[in-house]
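Colleague: Please find one structure pasted underneath; my questions will follow.
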Amino acid sequence: MTVHVSTAAPPPVAHAETRAARAGRFFTGPGLMVFLATALAAYEGFLLFTLLWPTDAAWLGGFVRDFQLWCYRADPRTGGMSWAAVSVMLLEPLFVVGVATVLWRDTVAALRRFATWRAHAAAAATALAVIAAGIAGLVAYARFDTARAEALPPFPGEAIRVALPLPDVPLVDQKGATFRFSDLRGQVVLITGVYAACSTACPAIFEEVHQLLGEFTPPSARRCGSSRSPSIPNTRRAS
């Protein structure tokens, strides 16, 4: 009688069960609470750093300033922050860990023993690595965003320059006098369009632009605002 012996390897059921058992022990034992407690401490420390570190410091000062603008609704003019936003940022992770503490309250008592932390040092190290990676990503993104904002785009003058002559039509200024652009030939002339019918934000914007032009343009430059609604009278002096 011939006996056939199978040499095929058994399916890796035992190894899969071992992984499942390890995962089960992690989520039901002290390992998860060690991970959450370590991540909470690291995250809260990071938030305190963003609250207390000076924004004018050479090291990470710019990142702290941007983080306060993003997450704490900071006002760069006054230096104040929305303490409601600060409270949400500080208390939200505490709430998550508090819920986990209620669900796994039987294992929380084990965290009082140093042996528990030593046995689950890998979970604590993983938590620190996760928080560190998140912070590093935020810092890298902030620096990239700052560098992109500081990079000046190419001057578009040559791309938008046209060779069409300016129509030499008679125009009426804010005093009712007639003039032509040909009267300003040889001078630097800045021309913009305004809406005389706009009586809310437009006058304030136009006045601010008028002040800026007075600071940055040559004294000899002429400024002309062309009304987009000429049927509406507008006697406000703009040049």
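The values are calculated or read from the model by the stated rules, or taken from the named source; none is laboratory data. Predicted, not measured: the structure shown is a model, and the values here were computed from it. We place every Cβ from the backbone using ideal geometry, glycine too, and count neighbours over all the protein chains shown. Heavy atoms of the whole protein, side chains included, go into the accessibility calculation; ligands, DNA and RNA do not. Shrake-Rupley method; radii C 1.70, N 1.55, O 1.52, S 1.80 Å.
Colleague: For residues that are open to solvent by 50 Å² or more (accessible area, probe 1.4 Å) and in contact with a Ser or Thr (Cβ under 7 Å, 6 or more places away or on another chain), scanning just region 193-204, find the one that is nearest to Cys224 (Cα to Cα).
Modeller: Checking each candidate, the answer is Tyr195.
Colleague: Test of understanding: among Ala149, Ala127, Ala123, Ala132, which residue is in a helix (DSSP H, G or I), of a type in the set (Gly, Ala, Ser) and without any contact (Cβ under 8 Å) to a residue 24 or more places away in the chain? Spell out how you get there, then give the answer.
Modeller: Values: Ala127 fails: without any contact (Cβ under 8 Å) to a residue 24 or more places away in the chain; Ala123 fails: without any contact (Cβ under 8 Å) to a residue 24 or more places away in the chain; Ala132 fails: without any contact (Cβ under 8 Å) to a residue 24 or more places away in the chain.
That would be Ala149, the only listed residue that is in a helix (DSSP H, G or I), of a type in the set (Gly, Ala, Ser) and without any contact (Cβ under 8 Å) to a residue 24 or more places away in the chain.
Colleague: Give region 70-109 a look and list any residue that's of a type in the set (S, T, N, Q) and in a helix (DSSP H, G or I), or say none.
Modeller: Correct list: Ser87, Thr101, Thr107.
Colleague: Let me ask something additional. Regarding region 182-189, can at least one residue be identified that is over 30 Å from Ser227 (Cβ atoms), β-branched (Val, Ile, Thr) and surrounded by 13 or more Cβ atoms within 10 Å (Cβ to Cβ)?
Modeller: Within region 182-189 (the criterion being over 30 Å from Ser227 (Cβ atoms), β-branched (Val, Ile, Thr) and surrounded by 13 or more Cβ atoms within 10 Å (Cβ to Cβ)), the answer is no, since none of the residues qualifies.
Colleague: Does Glu158 meet the test of being open to solvent by 100 Å² or more (accessible area, probe 1.4 Å), modelled with pLDDT of 75 or more and not hydrophobic (A, V, I, L, M, F, W, C)?
Modeller: So Glu158 does not fit the description; no.
Colleague: Out of (1) within 30 Å of Leu40 (Cα to Cα); (2) open to solvent by 60 Å² or more (accessible area, probe 1.4 Å), the odd one out for Gly137 is which?
Modeller: (2) is the only condition that Gly137 fails.
Colleague: Now, a different point. Which of the residues spanning region 64-101 are open to solvent by 90 Å² or more (accessible area, probe 1.4 Å) and hydroxyl-bearing (Ser, Thr, Tyr)?
Modeller: Taking region 64-101 as the starting set, the residues that turn out to be open to solvent by 90 Å² or more (accessible area, probe 1.4 Å) are 65, 70, 73, 76-78, 83, 91-92, 95.
If the condition is that a residue be open to solvent by 90 Å² or more (accessible area, probe 1.4 Å) and hydroxyl-bearing (Ser, Thr, Tyr), then Thr78 is the only one that fits.
Colleague: Across region 109-133, what is the total count of residues that are surrounded by 14 or more Cβ atoms within 10 Å (Cβ to Cβ) and either out of contact with any helix residue (DSSP H, G or I) (no Cβ under 6 Å at 6 or more places or on another chain) or hydrophobic (A, V, I, L, M, F, W, C) (or both)?
Modeller: Total satisfying the criteria: 11.
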